[in-house]
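Take a look at the structure set out below.
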């Protein structure tokens, strides 16, 4: 699969880079700049090589038309600061502002286009509409570099169609992500544990099914754990529950037992009467959740158990927090798992934090990126890779482009 080196001399060439700048915002303030930082090495390398770098990205989920709250404006200054060079911001994606900005570029310059998803063609299910928008993007460039791992599982114009219209390669970020995830799926060093959390069990069913053939241990936390507890016949009170998946979870527990895969569930949980940091909360055994309470984190005994189950592992993948980590009373479980991964990293294990809420959680809880082997920028893409699915934005790079 082609990398930037395969593009040859890029000096004077217009290089369209699909980055992932989909950062969380509080108003116009970036609350976690991890994805911006992850995008910098590829953009910087191209600019330093004399390319005219045209960066495109999305933010949020606008409906195919401009929405002020989804503008990439807050990202421009942070990107320029991290690059150590000016970034020109185009007020549109493929319109007059974008064309003028690109036309005015000199070697080594960087332009950031406005949100891709302000254009209906970016995410259209209609192949012709997507291809037409990709043609407009291609008119701004000579080469294409795919460096937004968080979107490579999407068949979108700036991810998939564009790679069929320009000579293309993967950027350093996508290359690093794919190499790490292959280490999780092709002969991983054992013991191999996967920690899965987050709210919805339905989002993780396919990956659980696939991991039961590769992982040695599955540690379950977050809102999804209560569907597993219900499958064991336990009362879960007002906790998050996917009633339609109880039978599926019961089947997984039975299959895991037959195949020798260890599914680890909490032994205690932190409960409260409502989803709030300002109400009384207590720790109860999983078999004693009151009917009028909801579980919002794994308990201290569970946190110790999970740390013990991770201590001897040589490979660990983690996707999804253990509880409502945004609220201090329910952050301890997630923090304990993060510390266990940090300790495993120090012992030489490969540890991968699988993007999204997990990446935000470890940073919010005071951990550094260097505490882990790899922090993925793409939660959904990581999970689909572990499900064994083909990622369209990676597969298309095997082609020759235009």
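Rule-based calculations on the coordinates, nothing more; no lab input. These numbers were taken from a predicted model, which means no experiment stands behind them. Heads up, the Cβs are rebuilt from the backbone with ideal geometry, glycines too, and the neighbour counts pull from every protein chain shown.
Just a few scattered comments:
- P(r) of segment 255-402 over all Cα-Cα pairs, binned every 10 Å from zero, in whole percent: 11, 32, 33, 18, 5, 2, 0
- Bridge type composition, the chain - antiparallel percent by DSSP, nearest 5: 20 percent
- Using a Gaussian network model of the chain in which every pair of alpha carbons under 10 angstrom is joined by a spring, one finds that among 28, 345, 88 the greatest mean-square fluctuation is at 28.
- Ranked for footprinting exposure by Cβ neighbours inside 10 Å, fewest first, 153, 281 give 281, 153.
- Scattering curve values for segment 250-316, log₁₀ I(q)/I(0), Debye with Cα scatterers, q = 0.16, 0.20, 0.25 Å⁻¹: -0.69, -0.89, -1.03
- The distance linking segment 213-281 with segment 73-144 is 44 Å (Cα centroid to Cα centroid, whole angstrom).
- Value of [θ]222 nm, deg cm²/dmol, for the chain, DSSP H segments ≥ 4, -39500 (n - 2.57) each, nearest 500: -10000 deg cm²/dmol
- Ranked list, fewest to most other Cβ atoms within 10 Å of each Cβ, for 126, 107, 242: 126, 107, 242
- At q = 0.06, 0.08, 0.09 Å⁻¹ the log10 of I(q)/I(0) for the chain amounts to -0.26, -0.46, -0.57, computed by Debye summation with a single uniform scatterer per C-alpha, solvent ignored.
- Exposure proxy order (Cβ contacts within 10 Å, fewest to most) of 352, 40: 40, 352
- Annotation: for a label point projected 7 angstrom from Cα along Cα→Cβ of residue 343, residues of segment 300-320 with backbone N closer than 18 Å are 300-318.
- Size descriptors for segment 121-227, from the alpha-carbon set: Rg then Dmax equal 18.2, 51 Å.
- For segment 1-91, the convex hull spanned by the alpha carbon atoms encloses 113 Å³ per residue.
- Length added when fully stretched, residue 258-residue 128, from 0.36 nm per residue minus Cα-Cα: 42.0 nm
- All C-alpha to C-alpha distances of segment 42-145, sorted into 10 Å bins beginning at zero, yield P(r) values of 15, 47, 32, 6 percent in whole numbers.
- Residue 232/residue 96 FRET efficiency (R0 56 Å; Cβ-Cβ; nearest 0.05): 0.35
- Whole-number D in µm²/s for segment 300-345 (Stokes-Einstein; Kirkwood sum over Cα pairs; 37 °C, 0.692 mPa s): 305 µm²/s
- Calculated FRET value between residue 85 and residue 190, using beta carbons and R₀ = 35 Å, to 0.05: 0.20
- The distance between label points at residue 65 and residue 37 comes to 3.8 nm (points 7 Å beyond Cα on the Cα→Cβ vector).
- The packing ranking, built from the mean of other Cβ atoms within 10 Å per residue, places the peptides 362-370, 15-23, 301-309, 316-324 in the order 316-324, 15-23, 301-309, 362-370, highest first.
- Distance from segment 148-175 to segment 284-302 (C-alpha centre basis), Å: 43 Å
- Using C-alpha pairs under 8 Å with a sequence gap of at least 6, the mean separation divided by the residue count of segment 337-402 gives a relative contact order of 30 percent.
- Segment 8-63 and segment 330-350: distance between their alpha carbon centers, rounded to Å: 30 Å
- Estimated distance in nm for a label pair at residue 26 and residue 288, the labels positioned 7 Å out from Cα along Cα-to-Cβ: 3.7 nm
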